[in-house]
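Trainee: A single structure is presented below for examination.
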Amino acid sequence: MLPNWDTTPADLPGAVKEIKKAIRARIEASGRTVEEVFAVVEDRIRREVEDVKSGQGWPELDHADIESGNADPDLVKRRGCLVVRNHFDRDQALAWDASIVDYVESNDFFAQYRGPGDDFFGSVGSKPEIYPIYWSPAQAEARSHPRMATVQRFLNGLWHHDGWFDPATDVGYPDRIRRRPPGTDSGGLGTHLDPGTLDLWMTAEYQQAFRHLFDGTPEQYDPWDAAHRTTGPQYPGTTMCSVFRTFQGWTALSDMAHDQGVLHTVPIPGAMAYLMLRPLLDDVPDDEMCGVTVNQVFPVSSEYHSLLLEALTGIPDVHAGDSVWWHCDMIHSVAPVQDQQGWGNVMYIPAAPSCERNNLYQKQIHLAHVTGSSPSDFPEEHYERTWPNRSRPEDHAEHSAVAG
């Protein structure tokens, strides 16, 4: 059994040295060297990178095909991301956008705004750009809408989930909104991923989730296997997510051109194998994990991950009512933009299926909704507590991905 820590180790450099030594020993016990195992992963990733560079990085499916059961999941599974066209009617999305404006203005939000509550979006140049708003009627309606449930059920079903989560029910994870006006200069967000940090190597559950990478059998690693992903602890941090998301996602409330500071991903779900094994190579100091540490996002850099960055691919043009989704382990970034043309408005809504871990957090969601508080995964800003026109839990039926 590998050494493990359910909570953040007091001596992080010492723990990093200990776990790297133990993983190396386990791999070598398989009869292969660390370098041989990494080469297997690197060769596979290199082929995927070349495929992405020569073809379509972002699959596109129409909501009608998902709803009718005619959507082909194969390319989505290979690329780990997709754009859902016509997820909502365009008029519905534009109405939600206008409703959010009315909501914040009627409550004098801009006079109350105290600046970003965390530093994660510090580079975007917001005034604000990311609104710490969670309980507008528009957001609550979109999260609980049958058309949202249809897509979440489809995405959850791409995973091997037996015994680990219920693909038919979503916990309705509340997140923020983005409104970026025309003319904006935005620094974007650097390449990173969000499933965790050092806990991915150091906790017993995640060690089981990545067992095939750590025992010398990377050919058996499957990025769509949910085993042990829904029960493990996560080290606290300013960017942590308390739930297991099969996919991160957002719904467009405006039209956005592909060259206007949009989302990019490395559309290779299996790239996680590369990221997890890369720190074990000799060019990485024994007390480091390629820049990964606690209280920060998981970074992806040209120093250690240049091959992966070759496949960084932006979304196509999207329209109000489309939605954008990417596998929870996927490397992603937001491109910078100067003098943005048009609005760039989205509601962040992921797929977070019912499971032990998510159901615990759902209790926090309900309490925050009742009181109008910021959810506990986010900074304690609580702008909406006194807003009389915020949504209430009783306004929307229990959210279920069975609907639709």
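Trainee: I need every pair where a residue in the range 1-25 that is closer than 12 Å to PHE214 by Cβ and open to solvent by 90 Å² or more (accessible area, probe 1.4 Å) has its Cβ under 8 Å from the Cβ of a residue that is modelled with pLDDT of 95 or more and among the small types (Gly, Ala, Ser), sequence separation at least 6 or different chains.
Mentor: MET1/ALA204
Trainee: Here is a follow-up. Of all residues being in contact (Cβ under 8 Å) with a residue 40 or more places away in the chain and acidic (Asp, Glu) in the range 290-332, which is surrounded by the fewest Cβ atoms within 10 Å (Cβ to Cβ)? Just the residue, please.
Mentor: ASP317
Trainee: So in the range 76-108, with the set limited to residues that are charged (D, E, K, R) and part of a loop (DSSP other than H, G, I, E, B), which one is surrounded by the fewest Cβ atoms within 10 Å (Cβ to Cβ)?
Mentor: Filtering first and then ranking leaves ASP108.
So that you can scan it fast, the table gives a plain yes or no per residue for (1) of a type in the set (A, V, I, L, M); (2) under 13 Å from MET272 (Cα atoms); (3) open to solvent by 10 Å² or more (accessible area, probe 1.4 Å):
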| position | (1), (2), (3) |
| --- | --- |
| ASP162 | no, no, yes |
| PHE165 | no, no, yes |
| PRO174 | no, no, no |
| SER186 | no, no, no |
| GLY190 | no, no, yes |
| GLY196 | no, yes, no |
| GLN208 | no, no, yes |
| PHE214 | no, yes, no |
| GLN220 | no, no, yes |
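Trainee: I've got another one for you. Considering only strands (runs of 3 or more DSSP E) fully contained in the range 305-404, which possess at least 1 residues that are within 30 Å of ASP255 (Cα to Cα) and touching a Cys at 6+ places or on another chain (Cβ under 8 Å)?
Mentor: Qualifying strands (runs of 3 or more DSSP E): 323-327.
Trainee: Something else now. Among the residues of the range 343-361, is there at least one that is open to solvent by less than 10 Å² (accessible area, probe 1.4 Å), closer than 30 Å to ASP166 by Cα and of a type in the set (Gly, Ala, Ser)?
Mentor: Looking through the range 343-361, at least one residue is open to solvent by less than 10 Å² (accessible area, probe 1.4 Å), closer than 30 Å to ASP166 by Cα and of a type in the set (Gly, Ala, Ser).
Trainee: Okay, moving on. Residues of the range 59-75 being part of a loop (DSSP other than H, G, I, E, B), loosely packed, with under 15 Cβ neighbours inside 10 Å and not charged (D, E, K, R), which ones?
Mentor: The answer is GLY69, ASN70.
Trainee: Please go through the range 225-255 and give me each residue that is within 19 Å of ILE349 (Cα to Cα), open to solvent by 30 Å² or more (accessible area, probe 1.4 Å) and over 16 Å from the mean Cα position of the chain (by Cα), ordered by number.
Mentor: Within the range 225-255, ASP255 is the sole residue that qualifies.
Trainee: Suppose we filter ARG46, ARG85, ARG90, ARG79 for residues that are more than 25 Å from MET256 (Cα to Cα) and out of contact with any Lys or Arg (no Cβ under 8 Å at 6 or more places or on another chain); which single one remains?
Mentor: ARG46
Trainee: Looking for whichever is acidic (Asp, Glu), part of a loop (DSSP other than H, G, I, E, B), touching a strand residue (DSSP E or B) at 6+ places or on another chain (Cβ under 9 Å) and open to solvent by 30 Å² or more (accessible area, probe 1.4 Å) here; the options are ASP287, ASP259. Which one fits?
Mentor: The match here is ASP259.
The values are calculated or read from the model by the stated rules, or taken from the named source; none is laboratory data. What you are looking at is a predicted structure, and each value in this text was computed from that prediction instead of being measured. For neighbour counting, all protein chains shown are included, and Cβ atoms are generated from backbone atoms with ideal geometry for every residue, glycine included. All accessible areas refer to the heavy atoms of the entire protein, side chains included, with ligands and DNA or RNA removed. Shrake-Rupley method; radii C 1.70, N 1.55, O 1.52, S 1.80 Å.
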